[in-house]
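Participant: Take a look at this one; I'll ask things after.
The values are calculated or read from the model by the stated rules, or taken from the named source; none is laboratory data. Quick caveat: nothing in here was measured; it's all calculated off a predicted structure. In this analysis, Cβ positions are derived from the backbone assuming ideal geometry, glycine residues included, and neighbour counts consider all displayed protein chains. All accessible areas refer to the heavy atoms of the entire protein, side chains included, with ligands and DNA or RNA removed. Shrake-Rupley method; radii C 1.70, N 1.55, O 1.52, S 1.80 Å.
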Amino acid sequence: MVLINGKKEQAAGKTIAGIVEEYNYDIKTIAVELNEEIVSKCDYGKTILKEDDVVEVVSFVGGG
Amino acid sequence: MVSKEEFFEALIARHGKENQEKFLNATVAICGLGGLGSNIAICLARAGVGRLILIDFDKVDVTNLHRQQYRFNQVGMNKTDALKENLLEINPFIGIDCHTVKVDEANLAKLIKEADIVCEAFDKAECKAMLVNYVLENCRDKYILSSSGMAGFGSANEIRTKKLGEKFYLCGDGVSDVNDGIGLIASRVMVCAAHEAHILLRILMGEVTP
């Protein structure tokens, strides 16, 4: 299991890019952390999730 | 006229000498001087943070006055210059650098170079994401504090501070998007700005829990 934004998901083996597509995130308005480390946008396609990984996708909304 | 000594004595009496020295030695970059940034800056000036780097390309508009820390007679001024004026009226001993420019990935490194902590206080989601990604990827020595979700009349109790990485904190309710047609209300935006300012002071004191 992989913890994505606090929810257990069957996501081991998927890439960050795959998760972004599956959940319909807008790549321009997100930041992705894997085990509390930022993942560079150019690494989304080659970062493969493993069992027990913790993923936080921060999807920013407007206003300030 | 109050002396500099009296001013800092009053701060030390409330914050403690050790904390006050930490606040005084800090340099903070505030990226965006709207409802978040102008209110964060006011909190930090009152707390006696030593130096602020104020960054915004925009001018004060009449539509800003309902939530941003500018005055009626400052409409038309650069936000950087207007905020500097207002901050110095509160704390004349604070150091302020103004940069009236639009932030992008090309100029960012230079703008925030001297900051210990960067406050993301932009309006647009794309700008928020760009700044947070940039600082986390390229400036690992700096803290980045950001806000997402503060629009509307929803409960102020939904605004929270979350710690998402060693040096990354996110404030807001995470969902209330100004683009959903809900306006920005001074009180709720100020709650979010106060969350950013408050975690900043806690970090300077060495308290890293949100």
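Participant: Out of everything in the stretch A:2-53 that is hydroxyl-bearing (Ser, Thr, Tyr) and open to solvent by 50 Å² or more (accessible area, probe 1.4 Å), what residue ends up being farthest from the other protein chains (Cβ to nearest Cβ)?
Facilitator: Checked the stretch A:2-53; the qualifying residue farthest from the other protein chains (Cβ to nearest Cβ) is A:Tyr23.
Participant: State which residue is most open to solvent (accessible area, probe 1.4 Å) when the search covers only the stretch B:42-80 and only residues that are closer than 18 Å to B:Ala197 by Cα and assigned to a strand (DSSP E or B).
Facilitator: B:Arg51
Participant: Any chance you could count how many residues in the stretch B:167-207 are modelled with pLDDT under 95 and closer than 17 Å to A:Glu36 by Cβ?
Facilitator: 0
Participant: Output the residue which, of all residues in the stretch A:31-53 that are over 9 Å from the mean Cα position of the chain (by Cα) and not in a loop (DSSP other than H, G, I, E, B), is nearest to B:Ala121 (Cα to Cα).
Facilitator: A:Ile38
Participant: Could I ask something else about it? Considering only residues that are within 19 Å of B:Ile199 (Cα to Cα) and open to solvent by 20 Å² or more (accessible area, probe 1.4 Å), look in the stretch B:111-130 and name the one that is farthest from the other protein chains (Cβ to nearest Cβ).
Facilitator: B:Asp116
Participant: Next question, about the same structure. Filter the stretch B:131-160 for residues that are open to solvent by 30 Å² or more (accessible area, probe 1.4 Å) and in contact with a helix residue (DSSP H, G or I) (Cβ under 8 Å, 6 or more places away or on another chain) and give the result.
Facilitator: B:Tyr134, B:Asn138, B:Tyr143, B:Phe153, B:Gly154, B:Ala156, B:Arg160, listed by residue number.
Participant: Tally the residues that are in contact (Cβ under 8 Å) with a residue 24 or more places away in the chain and more than 8 Å from chain A (Cβ to nearest Cβ), restricting the search to the stretch B:158-171.
Facilitator: Total meeting the criteria: 8.
Participant: Here is a follow-up. For the stretch B:1-29, which positions are outside any helix (DSSP H, G or I) and either open to solvent by less than 30 Å² (accessible area, probe 1.4 Å) or more than 24 Å from B:Cys98 (Cβ to Cβ) (or both)?
Facilitator: B:Met1, B:Val2, B:Ser3, B:Gly16, B:Ala26, B:Thr27, B:Val28, B:Ala29
Participant: Taking the conditions exactly as written (crowded, with 22+ Cβ neighbours inside 10 Å and either within 21 Å of B:Asn39 (Cβ to Cβ) or in contact with a Ser or Thr (Cβ under 9 Å, 6 or more places away or on another chain) (or both)), does B:Ser176 satisfy them or not?
Facilitator: yes
Participant: Another question, if that's okay. Please enumerate the residues belonging to the stretch B:140-157 that are within 18 Å of the chain's Cα centre (by Cα) and more than 9 Å from every other protein chain (Cβ to nearest Cβ).
Facilitator: Those that are within 18 Å of the chain's Cα centre (by Cα) and more than 9 Å from every other protein chain (Cβ to nearest Cβ): B:Lys142, B:Tyr143, B:Ile144, B:Leu145.
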